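The values are calculated or read from the model by the stated rules, or taken from the named source; none is laboratory data. Source: prediction; values computed, not measured. Counting neighbours? That spans all protein chains shown, and the Cβs are built from the backbone with ideal geometry, glycine included. Each accessible area value is taken on the protein alone, full model and side chains, heavy atoms only, with ligands, DNA and RNA left out. Shrake-Rupley method; radii C 1.70, N 1.55, O 1.52, S 1.80 Å.
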Amino acid sequence: MPGLLERVASARSAPARQRPANLSLDEYAELFRFTGFGGEYPLLRTSMGKLDEERLVQTATAAYRASGPVFALVVARLQVFSQIRFAWTRFEGGQPTDLFGTTALGVLERPWWGGTTADLLARMEVDVSSAGTSYTRKITRRGTQRLVRLRPEHVIVVLGSDEDADHPAEAADVELLGFAYAPPMGPMVLLDRDEVALYAPLPDPDRVFLGMSWVTPVLRELQADSAQSEHKLAYFRNSATPNLALKFDPSITIEQVREFKALFEEEHVGPWQAWKTLYLGGGA
C-alpha cells in the first residue's frame, strides 16, 4: 500500500502548501482528495457534529483558564495522570511479574529537551480535557528521537473506506489512514498514522477514533455561570448600585448639569461608595 504522504502528494494539483487565508480548515480539507483502495478518500475534520472544534477547544480552554471548578478538576486529574511511569513487564501463567526498563522507553522518559514523562502526560491530559483527544508526534532528528505535542484544533484526521468513499466516517469499513497538521499561519504537514499517537480516553459517541472532552456536557452550565459572573462584575463596576436615570428641570443649563454630574460621580461612583444615601436638588 503506498504511503499516505505519497498518495496525497500525487493527487495535489496546486504547488503551494500554504492554506489560503480566505478558506476555513474544513473548506481547505475538501480541496485534498486522493485515490486508493479502489475509492476516493476525502480528508475529514476532527469536529464534533456541527460544533467547530476550534470553538470547542477555545471554550474549554477558556473554562480551564477562567473557571475555578474546571481548573481544579483538570489539575486534580493532571496530578494523578502525570505520575504514571512506563515500564515493561513479563507475564507468567497469565499474571504480570517484575517490571523492567530498556532504552526503548527513553523517548517517553525524555520526550523533548528538558522534558520528563510527567511533562508529557500533563500536556496530554490538558489536551484531553480541552479537546477530548491528544495528538503526540514522534520525530527523528540527527539520530535522536523526540516527541512533539500537536495542538488538537489544528489536526485533520484522514479517514478512508472502500464501501462509502464520500462518507467514510459512517462506513462499516472505516479506516484511519493518517493525519495532517494545518496551523492557521503555517504550511500543512502530512503525517502517517505510525508517526502520531492518538489518545482519547473518553470516546465521542458520534465520532470514530476521537474522544470527547469531559467539559463538553457542562459547557452550557459554564456559560450560564460566566454570564452570572459578568453580571455581578458589571454590577460592581457600575457603582455597585442599579443604574439611575436623572431628569433635570428644563430651566437647568447644560453647564449646571455637568457640574452636578461631576459632584454626583465624585460621591457615588465606585463599589467602595455603594449604598450611600442619595440627595437630589430641586432641579433634578
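Is there any pair linking a residue in the range 102-129 that is within 15 Å of Ala76 (Cα to Cα) to one that is open to solvent by 40 Å² or more (accessible area, probe 1.4 Å) and of a type in the set (Ser, Thr, Tyr), with Cβ under 7 Å and at least six apart or on different chains, and which?
Matching pairs, first to second residue: Met124/Tyr199; Val128/Tyr199; Ser129/Tyr64.
Please work out which residue is nearest to Thr140 (Cα to Cα), limiting yourself to the range 158-197 and to residues that are open to solvent by less than 50 Å² (accessible area, probe 1.4 Å) and in contact with a Ser or Thr (Cβ under 8 Å, 6 or more places away or on another chain).
Val196
What do you reckon, is Ser226 assigned to a helix (DSSP H, G or I), touching a residue at least 40 places away in the same chain (Cβ under 8 Å) and either hydroxyl-bearing (Ser, Thr, Tyr) or under 20 Å from Ser134 (Cβ atoms) (or both)? Walk me through it before giving the result.
On the way: assigned to a helix (DSSP H, G or I): yes; touching a residue at least 40 places away in the same chain (Cβ under 8 Å): yes; either hydroxyl-bearing (Ser, Thr, Tyr) or under 20 Å from Ser134 (Cβ atoms) (or both): yes.
Yes; evaluated as a whole, the condition is true for this residue.
Which of the residues that make up the range 189-205 are within 24 Å of Val74 (Cα to Cα), touching a residue at least 12 places away in the same chain (Cβ under 8 Å) and not in a strand (DSSP E or B)?
Selection gives Ala200, Pro201, Leu202, Asp204.
Is one or more of the residues making up the range 132-140 among the small types (Gly, Ala, Ser) and at negative phi?
We begin by selecting, within the range 132-140, every residue among the small types (Gly, Ala, Ser); these are 132, 134.
If we keep only those that are at negative phi as well, we get 134.
Yes, the range 132-140 contains at least one residue that is among the small types (Gly, Ala, Ser) and at negative phi.
Can you list residue pairs whose Cβ atoms sit under 7 Å apart, with the first residue in the range 73-86 being open to solvent by less than 50 Å² (accessible area, probe 1.4 Å) and the second being of a type in the set (Phe, Trp, Tyr)? Count only pairs 6 or more apart in sequence or on different chains.
Val74/Tyr64
Filter the range 198-224 down to the residues that are crowded, with 17+ Cβ neighbours inside 10 Å and of a type in the set (Asp, Glu) and list them by number.
Matches in the range 198-224: Asp204 only.
Just to be sure, is Gly132 surrounded by 15 or more Cβ atoms within 10 Å (Cβ to Cβ) and either closer than 24 Å to Val75 by Cα or in contact (Cβ under 8 Å) with a residue 12 or more places away in the chain (or both)?
Numbers: surrounded by 15 or more Cβ atoms within 10 Å (Cβ to Cβ): yes; either closer than 24 Å to Val75 by Cα or in contact (Cβ under 8 Å) with a residue 12 or more places away in the chain (or both): yes.
In short, yes.
If you scan the range 244-257, which residues turn out to be open to solvent by 60 Å² or more (accessible area, probe 1.4 Å), within 14 Å of Gly281 (Cβ to Cβ) and either assigned to a helix (DSSP H, G or I) or without any contact (Cβ under 8 Å) to a residue 12 or more places away in the chain (or both)?
Residues satisfying the conditions are Thr253, Gln256.
Does Arg149 satisfy being among the basic types (Lys, Arg), surrounded by 18 or more Cβ atoms within 10 Å (Cβ to Cβ) and in contact (Cβ under 8 Å) with a residue 60 or more places away in the chain?
On the way: among the basic types (Lys, Arg): yes; surrounded by 18 or more Cβ atoms within 10 Å (Cβ to Cβ): yes; in contact (Cβ under 8 Å) with a residue 60 or more places away in the chain: no.
No.
When Trp214 is evaluated against the numbered criteria (1) at pLDDT below 75; (2) part of a loop (DSSP other than H, G, I, E, B); (3) touching a helix residue (DSSP H, G or I) at 6+ places or on another chain (Cβ under 7 Å), which criterion, by number, is the only one it fails?
(1)
Of everything in the range 161-174, what is of a type outside the set (Val, Ile, Thr) and under 30 Å from Val126 (Cβ atoms)? Give them in sequence order. Walk me through how you get there before you give the answer.
First, pick out the residues of the range 161-174 that are of a type outside the set (Val, Ile, Thr): 161-173.
Within the range 161-174, Pro168, Ala169 qualify.
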